[in-house]
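Heads up: the structure comes next, in structure tokens.
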Amino acid sequence: MKTIFSSLTALMLLAILTALPIAAQQQSQMQRQMQQMQEHMQQMTRMMDRTHQMAQQMQQQMQRTQNEQQRHQMQQMQRMNEHLYNMAGQIKNALEGHQMMLQNREMMQDQEMQREMERLREHMNQMTNQLGEAVQSMERLQERFRQQSVPNG
């Protein structure tokens, strides 16, 4: 009887010790994901700041422009810039929602749920990067337009 009890105790101890590294690894992975979500949210805030600054610069440039065609082009750029600002805000909200889901322990105990959360994280990462590239393109367009609208001489 004692050997059965010892064997069961040893098996339970082995099971616990094997599960500890897995739990620690999952905790570490979740912490990395949370950190990445924080970084992406900060990146979205910076993009919102950049697009807001671009909007102010375009508004000032529109007020100085006498050419009606250039003013119309600036208005179109202004609208596109507003869309990028709104997208950054929406992605930031989605990232906050994703972070809240990561903090839900019951939800994250399910292996399939963890895999789907990882896929979602990858998609959010792609959207963040793509929006960053779009904002950079808008900044280049604005600079190009500004250079073209400055009178020579």
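The values are calculated or read from the model by the stated rules, or taken from the named source; none is laboratory data. Because the structure is predicted, anything quoted here is derived from the model rather than measured. Glycine also receives a Cβ, built like all others from the backbone with ideal geometry; neighbour counts cover every protein chain displayed.
Below are the figures for this structure:
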item	result
Considering residues of the range 111-153 that are among the polar types (S, T, N, Q) and more than 14 Å from Gln43 (Cβ to Cβ) only, the residue modelled with the lowest pLDDT	Asn152
Single unsatisfied condition, Lys92 versus (1) within 12 Å of Met37 (Cβ to Cβ); (2) of a type outside the set (A, V, I, L, M, F, W, C); (3) surrounded by fewer than 18 Cβ atoms within 10 Å (Cβ to Cβ)	(3)
In the range 128-144, the residues that are among the polar types (S, T, N, Q) and buried (at least 17 other Cβ atoms within 10 Å of the Cβ)	Thr128, Gln142
Residue within the range 119-127 that is exposed (fewer than 12 other Cβ atoms within 10 Å of the Cβ), over 15 Å from Met37 (Cβ atoms) and out of contact with any Ser or Thr (no Cβ under 9 Å at 6 or more places or on another chain) present	no
Hits in the range 42-70 - residues which are over 25 Å from Asn129 (Cβ atoms) and without any contact (Cβ under 8 Å) to a residue 12 or more places away in the chain	Gln56, Gln60, Gln63, Arg64, Gln66, Glu68, Gln69
Evaluation of Met100 against (1) of a type in the set (A, V, I, L, M, F, W, C); (2) farther than 24 Å from Gln42 by Cβ; (3) surrounded by fewer than 12 Cβ atoms within 10 Å (Cβ to Cβ) (one fails), failing number	(2)
Search result, residues across the range 36-53 that are hydroxyl-bearing (Ser, Thr, Tyr) and surrounded by 14 or more Cβ atoms within 10 Å (Cβ to Cβ)	Thr51
